[in-house]
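**Q** What follows is a single structure, and I will ask about it in a moment.
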Amino acid sequence: MFRQLLNFRSVLALIAVAIVSGTIFYSNFLAKKIEVEERQKIRQWVEANKFIATAPQNVDLTLASSIQQQNADIPIIWTNENDSIIDSRNLDSSLASSKSYLQKKLKEFKSGHPPVILVLNNDPYVADKYYYGDSKLLKQVRYFPIIQLLIVALYIFITFYAISVRNKSTQNQVWAGMAKETAHQLGTPISSLEGWVEMLKEKETHSSISAEMEKDVNRLKLISDRFGKIGSAPKLEEKDITEQVEKMVAYIKRRSTDKVNFTVDKPEHKVLANISEPLFDWVIENLLKNALDAINGKGLINIKIKQRPGQAIIDITDSGKGISKQNIGKVFKPGFTTKKRGWGLGLSLAKRIIEQYHKGQLYVKSSEPGKGTTFRIVLNT
């Protein structure tokens, strides 16, 4: 179990997480260090201002002036003891004269750092308060991890998307190749069977046999034609969906027992949509056969056809065993099946035909174990 989880991809993911986490912690460490240094700079700046304001004549003010001028990046607003604004420094020069702007920045600085207080007189109490914000360097250090995370997340998304597109493209090529090869392999024996059927027709004693064989041969030709259309853009024609569905219901009904009750709910008017007739029939046939398997030859199968603005909707409901919640997301995956026999390709192919060739939708509308399942097809009209 541990070895399965600890594969090459998971190791790379863990390394990436460790690098990002280490960067975040180090950035936070630097931000705190810069924050302490900036507060110390503000204290020095305040003391330099005080020294310049109170220094007697003929005292060298070079150092104090240098400290005062060095602060060109930390924004400052100083007020009196009642928080009435006296002046500001390193703010946006075009907005510094606006009272509303200064009040907004003052509120922002108050929430960020405690002020540096310079007491001018104790009785009565007179003091200047120096509120300050973060320098551009400190902001960059603080926001760097967030930007880094966004870049890493975008990189991961693009990578997974590219892998997903490549895998889907590969799967589509495999499906198309397999289907076309199947159609090709069926072509020769079907042609041979057609010849044998024609020979049987010439003998009146075998007319009943030849008629049934011809039906089966035509069925094989239809199957071959369906497989041959996979992988190439099918020709879509406007057809009456109700007529197509009823035709397939009649076909499946002849091949089921009397214990299966088929019902078709349909509107009185035609429901038209652009479809590839052989491929669409294949989807309906597959879903009906799936419903038959679900009810084990005894139960109800209801097909409901309705029309909405711009859409034709077909619901195929059975009274069978239903699908468990953990399997609903797997039913359209190639190879998934709950039956003892079968490859688990029918529903996957049906979904591809509806969504890729007809630009529609095929999904499980609802399912409850022991009560049945409803598959829904949505076609654009």
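The values are calculated or read from the model by the stated rules, or taken from the named source; none is laboratory data. Being a predicted model, the structure only gives us computed values, none of them experimental. Cβ placement follows ideal geometry from the backbone for every residue including glycine, while neighbour counts extend to all protein chains displayed. Each accessible area value is taken on the protein alone, full model and side chains, heavy atoms only, with ligands, DNA and RNA left out. Shrake-Rupley method; radii C 1.70, N 1.55, O 1.52, S 1.80 Å.
**Q** For the range 60-86, which positions are surrounded by fewer than 10 Cβ atoms within 10 Å (Cβ to Cβ) and not in a helix (DSSP H, G or I)?
**A** Correct list: D60, A72, N82, S84.
**Q** So, of the residues in the range 221-247 that are open to solvent by 60 Å² or more (accessible area, probe 1.4 Å) and modelled with pLDDT of 75 or more, which turns out to be farthest from Q311 (Cα to Cα)?
**A** Applying the filter and picking the extreme gives K221.
**Q** It is to be established whether one or more residues within the range 287-300 are buried (at least 19 other Cβ atoms within 10 Å of the Cβ), in a strand (DSSP E or B) and of a type outside the set (D, E, K, R).
**A** no
**Q** Criterion first (under 26 Å from G322 (Cβ atoms) and either part of a loop (DSSP other than H, G, I, E, B) or in contact with a His (Cβ under 6 Å, 6 or more places away or on another chain) (or both)) does T257 satisfy it?
**A** Yes; evaluated as a whole, the condition is true for this residue.
**Q** Can you report the number of residues in the range 301-325 which are farther than 19 Å from T381 by Cβ and exposed (fewer than 14 other Cβ atoms within 10 Å of the Cβ)?
**A** Counting residues in the range 301-325 that are farther than 19 Å from T381 by Cβ and exposed (fewer than 14 other Cβ atoms within 10 Å of the Cβ) gives 2.
**Q** Being loosely packed, with under 12 Cβ neighbours inside 10 Å, farther than 30 Å from V20 by Cα and either out of contact with any Leu (no Cβ under 7 Å at 6 or more places or on another chain) or not β-branched (V, I, T) (or both) narrows it down to one of S93, S111, S98, so name that one.
**A** S93
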